[in-house]
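Enquirer: Quick one: the structure is below, and I'll ask about it shortly.
Computed from the coordinates by the stated procedures, all read-outs in this text should not be read as laboratory data. Worth saying up front: this structure is predicted, and the values here are computed from it rather than measured. All Cβ positions, glycine included, derive from the backbone under ideal geometry; neighbour counts span all protein chains shown.
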Amino acid sequence: MISEVLTIIFLVLGLFFILTGCLGLYRMPDVFCRMHATSKATTLGLVFILMASFVHLGFSSVGLKAILAIVFAFLTAPVGAHLISRAAYQRGVKLHDRSVTDALSARYPEKTNADQIRDQD
Amino acid sequence: MIDLLTNSAFVILAISFVLCSYRLLAGPTLPDRVVAIDTITTIIIAMIAVYCMKEGSAIFYDAILVLSILGFVGTVSMAKFLARGGKIFDQ
């Protein structure tokens, strides 16, 4: 009984977070905004769904695999998101028009991101 | 109850898949498409987990592990490829 209730709660939470992350991927105006909206929300939704599956299937050899998948998702998703956004910045992808700050611009003096924002001001 | 919930979970995950495919097709830059592919991998992993929950079997959990490793390696290699093509490392 309580495992069924926990399964339903975890599954609904996971679906909500995944749908919200994909809406952010669809709606946001910028690569960095999309990354910011998508990676964290989708990872949390995946972890909730894996937890629901773990609770539903019970403690067995499956439980170890579910815990392993959860740990792996928590370890790899921030690394991947950070690497892609860093590569996008190094590649010269423009920030959105209404971005207010560019903290990396001092470290990349050749870059044009900060110059574009400063020219628009 | 669980059966109805897993069926509606497939519908919601399919809607998310469609949103990510829009960004994959129409993303203005290449990192957009990489983010979309990464998110699609996450959605497929969630679909496999929901399927395991619906069927009550655990034979696809190895597929979950393999798919998460493949998604991470693909993302990292694509990021290295994008960064090396940039202007910083050309000099």
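Enquirer: Taking every Cα atom in chain B, find the radius of gyration and the maximum pairwise distance Dmax, and write them in Å.
Expert: Here Rg and the maximum Cα pair distance are 16.5, 61 Å.
Enquirer: Using only alpha carbon pairs under 8 Å that are at least six residues apart, calculate the relative contact order of segment A:2-120 and give it in whole percent.
Expert: 24
Enquirer: Follow-up question, since we're still on this one. For segment A:1-100, which trypsin sites (Lys or Arg not before Pro) pass both filters: DSSP loop (anything but H, G, I, E, B) and at most 13 other C-beta atoms within 10 Å?
Expert: A:ARG98
Enquirer: Now, a different point. Based on a Kirkwood Rh over C-alpha pairs, give the Stokes-Einstein translational diffusion coefficient of the protein assembly as shown at 20 °C and viscosity 1.002 mPa s in µm²/s.
Expert: 119
Enquirer: Relative contact order for segment B:2-90 using alpha-carbon pairs under 8 Å, separation at least 6, rounded to a whole percent?
Expert: 26
Enquirer: Still on this structure: Could you pull out which residues in segment B:53-82 have an amide N less than 20 Å from a spot 7 Å beyond the Cα of A:SER99, following the Cα-Cβ vector?
Expert: Answer for this model: B:79-82.
Enquirer: Considering the dipole of segment B:2-90 built from charges on the beta carbon (Lys and Arg +1, Asp and Glu -1) around the Cα centre, which of B:GLY74, B:ILE43, B:PHE17 is farthest to its positive end?
Expert: The Cα lying farthest towards the positive end belongs to B:GLY74.
Enquirer: Next question. Could you tell me the calculated FRET efficiency between A:VAL5 and A:ARG107, based on Cβ-Cβ distance and R0 = 45 angstrom, to the nearest 0.05?
Expert: My answer for the efficiency is 0.35.
Enquirer: Eigenvalues of the Cα gyration tensor times 5, then square-rooted: what semi-axes does that give for segment A:2-120, in whole angstrom, largest first?
Expert: Output for segment A:2-120: semi-axes of 38, 16, 8 Å.
Enquirer: Looking at segment A:26-94, which chymotrypsin sites (Phe, Trp or Tyr not before Pro) are in a loop (DSSP not H, G, I, E or B) and have at most 11 other Cβ atoms within 10 Å?
Expert: Of the chymotrypsin sites (Phe, Trp or Tyr not before Pro), the ones in loops of segment A:26-94 whose Cβ has at most 11 other Cβ atoms within 10 Å are A:PHE59.
Enquirer: Return the FRET efficiency for the residue pair A:HIS36, B:PHE10: r is the Cβ-Cβ distance, R0 is 25 Å, and the value is rounded to the nearest 0.05.
Expert: 0.35
Enquirer: On to the next question. Treating the beta-carbon of each Lys and Arg as +1 and of each Asp and Glu as -1, no other charges, what is the dipole magnitude of chain A about its Cα centre, to the nearest 20 debye?
Expert: That gives chain A a dipole magnitude of about 180 debye.
Enquirer: Can you tell which of A:THR101, A:GLY14, A:LEU25 lies farthest toward the positive end of the dipole of the protein assembly as shown, using +1 and -1 charges on the Cβ of basic and acidic side chains (Lys, Arg; Asp, Glu)?
Expert: A:THR101
Enquirer: Mean residue ellipticity at 222 nm from the helices of chain B, using -39,500 (n - 2.57) per DSSP H segment of n ≥ 4 over the full residue count, to the nearest 500 deg cm²/dmol?
Expert: Helix contribution divided over all residues of chain B: -29000 deg cm²/dmol.
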